[in-house]
1. Under 20 Å Cα-Cα from Lys36, which aspartates and glutamates qualify once same-chain neighbours fewer than 8 residues away are excluded?
2. Using θ = phi - 60° and the Karplus relation 6.51 cos²θ - 1.76 cosθ + 1.60, list the HN-Hα couplings for the range 103-116 in order, rounded to whole Hz, with x at every Gly or Pro.
3. Could you give me the ³J(HN,Hα) list for the range 159-165, computed from phi with Karplus coefficients 6.51, -1.76, 1.60 and θ = phi - 60°, whole Hz, x at Gly and Pro?
4. Residue farthest toward the positive end of the dipole of the range 30-153, with Cβ of Lys/Arg at +1 and Asp/Glu at -1: which of Ile42, Pro139, Ala109?
5. So who's got an amide H within less than 5 Å of the one on Tyr166, skipping anything under 5 residues away but keeping other chains? H placed 1.01 Å off N, in plane.
6. Provide the gained length on full extension for the span Ala81 to Ala58, in nm with one decimal, where the gain is 0.36 nm per separating residue minus the Cα-Cα distance.
7. Hey, rough spin-label estimate for Ala157 and Glu143, points 7 angstrom out along Cα→Cβ, what's it come to in nanometres?
8. For the range 52-134, with only Lys/Arg (+1) and Asp/Glu (-1) charged at the beta-carbon, what is the dipole magnitude about the Cα centre, in debye rounded to 20?
Amino acid sequence: MKNRIVLWGAASLILGGLVAVGLYLYFHAFSPDRGKYPVRGIDVSHHQRQIDWRRVAADDVAFAVIKATEGGDHVDDAFDANLREARAAGLAVGAYHFFTFCRPGADQAKNFISVVPRDQPLLPPVVDIEFHGNCPRRPSPEELQVELSAFLGPVEAAFGKTAILYVTDAAARAYAGQIAGRPRWVRSLVLQPGHDDWIYWQYHDRGRVDGISGDVDLNVLQGGQATLAALFAAPESISPETLLSR
């Protein structure tokens, strides 16, 4: 009896190990259907350190959304180099802002507009709204609506494009009414999003790309090269309806 228990225990450990290895390999190898989502991109900040953008571009990466600012005065110290070198490597490039709950939206808009250049084409500006790494105080939906509008108004006017919202699950649930109807960048790791009303889908947060040492976020675009070209075109007003219908 004891031998049988030992054997069952050993078999359970082996089976558990095989399942863990299988899940690990599935997670790291996961990639959405390239036939359906042929355009791949990354989002980066100073956390990726030195990036060889020509190698990145050669590794099936078509676009990059780069952190520019956070709050009312913080500037990502790798933004200028990343934007310049990614553009030179031939990628469609854009900038994102981490929206904090402890600074007025108008101050944050000034920070973003002052840092991101407007003399060359860019993907639509992105606003990152999430609880992780944010100020501890969470505004009410009504308060967020006021401050987010104070940010989006000047930014969209300055760049001539409708901003895209990146909102993580918890924040999306808390502020569903404030983000409804706007272009979305969804985060759904190794799982197909449950809906199709998104522009970008972040499907991995520990991906690997040639030219970057360490993990990087991987994304796909809803649409093909024509959609990417339209998003990256010279500044003009693009409505949420137009983006979501592509």
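1. Within the straight-line cut-off, Lys36 pairs with Asp59, Asp60, Asp196, Asp197, Asp217.
2. Whole-Hz 3J(HN,Hα) from phi for the range 103-116: 9, x, x, 5, 5, 5, 4, 4, 4, 4, 5, 6, 9, 8.
3. 9, x, 9, 5, 6, 9, 9
4. Ile42
5. Val127, Asp128, Ile129, Trp185
6. 6.4 nm
7. Output for this residue pair reads 2.6 nm.
8. In total the dipole reaches around 240 debye.
The numbers here are math on the coordinates, done by the rules we state, and not lab data. Computed from a predicted structure; not experimentally measured. A quick note on method: Cβ atoms are made from the backbone with ideal geometry, for glycine too, and the neighbour counts reach across all protein chains shown.
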